[in-house]
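S.K.: Take a look at this one; I'll ask things after.
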Amino acid sequence: MKDRTVWSPTSFGARAHDYDRLRPGYPAEAVTETLAALGGGPPGTALDIGCGTGKLGVTLAALGHDVTGLEPDARMAAVASANGLAVEVGAFETWEPGGRRFDLVACGQAWHWLHSGERSAKTARCLRPGGRILLAWNFGTYALRDSTCLNRVYASVLPDGLPPGRGGRTSLSESDLDAYAQELRSHGFQRVTRTVVAWQTRLATDEFCGLLGTDSRHLALPSPLRHRLLREVASCLDAGEGGEVRVEYRCLVVGASKGA
């Protein structure tokens, strides 16, 4: 039986340092293009919802924004703090801004963990009139010489496939962003935009397997089964890919402005 606690967004804290080391960051270009499409302007105060280890918040800070991170997992928040972010520990659903209003609310790779509708309504309350929202995801594909070996490993170890995510979701896809954009419109957000920036990286076998180990669907597996799977994935990659994998990412950002 699967451990259902892995569906909590705080499950990633068990791999906080691997998450920080191996999960992709967000190209500054994707952020600047999105904000330019929303009218540009100088940096301001920013709230990073579900900031994790600070992947998006660090990018925003480097662009001059005064960033406050909000993270439900204290283990992830500790890494974000070590990366230079001011972080408050708490879940967005129950957190209160204490009278603060932000110029920008951002959320990287975490919006889908929040309750539909409620997340947009509360974000609007956290923004000053004319403030912006920025929702970012990295979608990765693996450029393998021969994918059949990897497919065989997964079919052998997991004949029923990876467990589904919360609510039965098998994976997050780029098409889900259409629904997020429509949700923002339905809550009064304006000038809804989408920005796409392609980039790539190379990972050694151990890094690639570490990256897989930070994925929520892999975290849902019982530990012995997950370790067996990743050992066999490593053997496959060492034999067929020369011990290295090229990962091609598409950073997608949905942006919008709050009305006056």
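The values are calculated or read from the model by the stated rules, or taken from the named source; none is laboratory data. Keep in mind the model is a prediction, meaning the values are calculated, not measured. Every residue, glycine among them, receives a Cβ derived from its backbone with ideal geometry; neighbour counts consider all protein chains shown.
S.K.: Can you say whether Leu144 is of a type in the set (A, V, I, L, M) and buried (at least 18 other Cβ atoms within 10 Å of the Cβ), as far as the supplied structure shows? Give the steps one after another, and end with the answer.
M.R.: Details: of a type in the set (A, V, I, L, M): yes; buried (at least 18 other Cβ atoms within 10 Å of the Cβ): no.
Answer is no for this residue.
S.K.: Answer with yes or no whether Ala234 is outside any helix (DSSP H, G or I), buried (at least 16 other Cβ atoms within 10 Å of the Cβ) and either at pLDDT 90 or above or basic (Lys, Arg) (or both). Before you say what the answer is, go through the steps one by one.
M.R.: Values: outside any helix (DSSP H, G or I): no; buried (at least 16 other Cβ atoms within 10 Å of the Cβ): yes; either at pLDDT 90 or above or basic (Lys, Arg) (or both): yes.
No, not satisfied.
S.K.: If you take the residues in segment 158-193 that are charged (D, E, K, R) and in a helix (DSSP H, G or I), which one is modelled with the lowest pLDDT? Even if it seems obvious, please write down each step before you answer.
M.R.: We begin by selecting, within segment 158-193, every residue charged (D, E, K, R); these are 160, 166, 169, 174, 176, 178, 183, 185, 191.
Still in the running and in a helix (DSSP H, G or I): 166, 176, 178, 183, 185.
Working: Arg166: 56, Asp176: 90, Asp178: 94, Glu183: 97, Arg185: 97.
Checking each candidate, the answer is Arg166.
S.K.: Restricting to segment 14-42, name every residue that is outside any helix (DSSP H, G or I) and surrounded by fewer than 16 Cβ atoms within 10 Å (Cβ to Cβ).
M.R.: Scanning segment 14-42 gives Gly39, Gly40, Gly41, Pro42.
S.K.: Select from segment 43-80 the residues that are under 18 Å from Arg23 (Cα atoms), of a type in the set (Ser, Thr, Tyr) and not in a loop (DSSP other than H, G, I, E, B) and list them in ascending order.
M.R.: Thr59
S.K.: Give the number of residues within segment 84-110 that are crowded, with 18+ Cβ neighbours inside 10 Å and assigned to a loop (DSSP other than H, G, I, E, B).
M.R.: The first filter runs over segment 84-110 and keeps only residues crowded, with 18+ Cβ neighbours inside 10 Å, leaving 85, 87, 92, 102-110.
Subset that is assigned to a loop (DSSP other than H, G, I, E, B): 85, 92, 109-110.
Looking only at that region, the number is 4.
S.K.: Sticking with this one: Going through segment 94-121 one residue at a time, which ones are farther than 12 Å from Leu135 by Cβ, in contact with a helix residue (DSSP H, G or I) (Cβ under 7 Å, 6 or more places away or on another chain) and free of Cβ contacts under 8 Å to residues at least 60 places away in the same chain?
M.R.: Within segment 94-121, Pro97, Arg101, Phe102 qualify.
S.K.: When you scan segment 195-205, do you find a residue that is part of a helix (DSSP H, G or I) and surrounded by 14 or more Cβ atoms within 10 Å (Cβ to Cβ), even just one?
M.R.: Checked segment 195-205: at least one residue is part of a helix (DSSP H, G or I) and surrounded by 14 or more Cβ atoms within 10 Å (Cβ to Cβ).
S.K.: Within segment 54-68, does at least one residue satisfy the condition of being surrounded by fewer than 15 Cβ atoms within 10 Å (Cβ to Cβ) and at pLDDT below 95?
M.R.: no
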